[in-house]
Each structure stands twice: as structure tokens, then as C-alpha cells.
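Q: Quick one: structure below, then a few questions.
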Amino acid sequence: MTVLYICEPGAVLRRDGESWVVTAAPERGVRNVMARILGHHLHAAVLLGRVHATTEALHLCLAHAIMLAWLDRGGRFLGRLTPRQNRSPEPRLAQYCLALDPAARLTRARTIAAAKVANAAAVLRRLQSNRPGRAELGATIAMLRDCHDAIAAAPDPPALLGAEGMAARAYFAALRDVFPPAMPFAGRARRPPPDPVNALLSFGYVLLGLRLSGLIEALGLDPAIGFLHDLRPGRDSLSLDLLEELRHPAVDLFVLRLCNLAMMRPENFEPDPDHPGGVRLCQDDLKRFLQLWEEWLDKPLPEEGAAAISPTHLLRRQVERLAEDLRGGAPYRPFRFRG
């Protein structure tokens, strides 16, 4: 999936025939061309901050079924342009019926939450292998195993969410000791993220969720109707459902790698003027992060009982598995990370 990120302040996404052209802010009345992309080479475009798109460019996105998303400068999702999908309505009708069936919804919620917790434990096992003296990691892994079993046997959504929340708190508490001193992590915090590690985690989750929403719509499903996440206006609950099993292996390990290899440092961040108390990447470092992120998405992730698979291919496969499940085919099989 080729994704175009535009984050240069004042840049404009334009149309030139069947191609997109990105022009920089004018200097002495002249707009220099920063990039040119053929229509069939692009799958999505993400505009961050003070970036604009012409009406003609929007029309070209719609003609080529390309998702266009807007994020603020700090990486928070604002909205997206969704092309019309020439697909049958039956998959969405099946999705709605299952979402309204308490038993069917609970079954899928258990599957998703259990995979999330299992993958959290697998990530900690990988970290533990490089830190054999950290007994607290072993204790947290054991606790996550108990939470996984509680989720699998949860009789109702409150019990499931209680076990899932307990696992999430324990997991992020364990991460406090694995980030380097130069990039401390006191625990998960957002809205706004108060430190560089949380800013990177939040940004990575948003970018991964955007890809999932686009794939879900392309396969004829409704990203707003999920099974684990409650319905809420403006929230892509189904995208968040699929994001859960991928957060820790696909995003957290990436952020940890950036910090441990000093590819991201405190000086790469600045206060976020739009969200007091929060931080965001500096302009040049934002571009570097996006480049590293796209490279990471092509690196294989190990999977239990299967060949390693890159996040790019993994996202599509999981959405296809879910679509098959909702159509009455094989039950959904989540991704299980091999730690």
C-alpha cells in the first residue's frame, strides 16, 4: 500500500491530468513542485497540519478510490474523504445483524481481546529475553496469562472489559523499565500525550487505524460498527477492534526500537501549541518518523505457527479474515505474535 504523507506547512495537493502534484508554499509568487505521483500508484494520502487539497485533487481521489485523511499537526485524526464503494450491501447487513446479537458480539469481542492480551505477553517475553534479570517482567507475563484466561471465559462484556483493562494497565506498567533513561515512560497517557514516548505511541496507533479503516471500507464493511468497542459518534469501532491485536507488536515495538537506538530523542519534540500540556514531533523529525514508519511496515513480524508477515500484508489479511467471518465463513482468526 503506497501512502503519500504531506506535512510541509503551506503545501497543496493538486491535480495534473491523471497525476497528483504536491507544491510547496509560494516563494516570491512561485510554487515549487515537491512531488508528482501517478494516480494508479497511490492507495491513500494523509495531510498533516496546514496542508491543503484542491477540489480537482479531491475528485481524482474519488475517481481512483483513494482515501484522503486529515490529521492535525500533532497527529490527531480530524476526518477523511471516503470514495464510493461499488460493493454489495449484504456484508454490512450481516455485520449489523451480528453486532445486534449479544452472543455473537461477545464471542468476537472475546477473540479480539484475548489476542490483544496474548500479543502483549508475547512482546514482554521478547523484551524479557534481552533482560533476563528483570523478574517483574516474568510476573507481569504470568498476570497477563491469567487475564487472557479470564477474557476467554468472560460471561458478559463488563467482565471482559474488566480483565482487558487490568491487562492493559499491567502491560504498560511493565514497559516503564524497558525504555532508555533519555526517553522515560511513566505510563500510558493521552489527550494530549505529555511526553515523547506517548506522543509516538498515539501517532502510530492513529496511522495504523487509518489503514484499517480504508481496508474495511474497501471490503464493503462499516468501520463504525464494532464488537469489542462500543458505538460512539465519530469513532471507527471496528477499526479499533482490529487495531487491538496489532498495537503492541506493530506499534509499541517500533516505538521502543526508535527510542533504544536513539533514532528519536527528546530534542526531536516540541510543545504542542494546539493542545496545552502535550508534545509533538518537530517538523523535520515528523518527516523522518513517517519515513521510518513506512519502512517498518514492510519488515516481517513473526507469527505463531506461520511464516513471518509484514504489517502491510497483515492488515489486509486480517480484514479479509473478518469479512469472511461476517459473511458466515470460517470464524475470525486473530494474529498471534511469536515473541
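Q: Just to confirm my filter: which strands (runs of 3 or more DSSP E) fall fully inside region 16-68 and include at least 3 residues that are of a type in the set (Val, Ile, Thr)?
A: So the answer is 19-23.
Q: What number of residues within region 110-144 satisfy the criterion of being assigned to a helix (DSSP H, G or I) and closer than 21 Å to Val251 by Cα?
A: Counting residues in region 110-144 that are assigned to a helix (DSSP H, G or I) and closer than 21 Å to Val251 by Cα gives 23.
Q: Return the total of residues in region 46-66 being crowded, with 22+ Cβ neighbours inside 10 Å and either aromatic (Phe, Trp, Tyr) or in contact (Cβ under 8 Å) with a residue 60 or more places away in the chain (or both).
A: Adding up the residues that qualify gives 2.
Q: Just need a number here: residues in region 170-184 that are at pLDDT below 95 and either under 16 Å from Ile112 (Cβ atoms) or not hydrophobic (A, V, I, L, M, F, W, C) (or both).
A: 5
Q: Still on this structure, please answer the following. So Arg188 ticks every box in (1) touching a Ser or Thr at 6+ places or on another chain (Cβ under 7 Å); (2) among the basic types (Lys, Arg); (3) over 16 Å from Asp72 (Cα atoms) but one. Which box is left unticked?
A: (1)
Q: Could you please find all residues in region 79-109 being of a type in the set (Ser, Thr, Tyr) and either at positive phi or assigned to a helix (DSSP H, G or I) (or both)?
A: Tyr96, Thr107 - these are the residues of region 79-109 that are of a type in the set (Ser, Thr, Tyr) and either at positive phi or assigned to a helix (DSSP H, G or I) (or both).
Q: Cβ-Cβ under 6 Å, sequence separation 6+ or interchain: first residue in region 170-195 and within 20 Å of Phe269 (Cα to Cα), partner small (Gly, Ala, Ser) and open to solvent by less than 20 Å² (accessible area, probe 1.4 Å). Which pairs?
A: Within 6 Å, the pairs are Pro192/Gly278; Pro193/Ala199; Pro193/Gly278.
Q: What is the residue count in region 251-300 for residues that are surrounded by fewer than 17 Cβ atoms within 10 Å (Cβ to Cβ), within 21 Å of Pro192 (Cα to Cα) and of a type in the set (S, T, N, Q)?
A: Selection size over region 251-300: 1.
Q: Anything in region 75-88 that is touching a residue at least 40 places away in the same chain (Cβ under 8 Å) and closer than 20 Å to Glu324 by Cα? List them, or say none.
A: Gln85, Arg87, Ser88
The values are calculated or read from the model by the stated rules, or taken from the named source; none is laboratory data. In this text, all values refer to a predicted model and were calculated from it rather than measured experimentally. With ideal geometry, Cβ positions are generated from the backbone for all residues, glycine too; neighbour counts draw on all protein chains shown. Areas reflect the complete protein model, heavy atoms only, side chains present, ligands, DNA and RNA absent. Shrake-Rupley method; radii C 1.70, N 1.55, O 1.52, S 1.80 Å.
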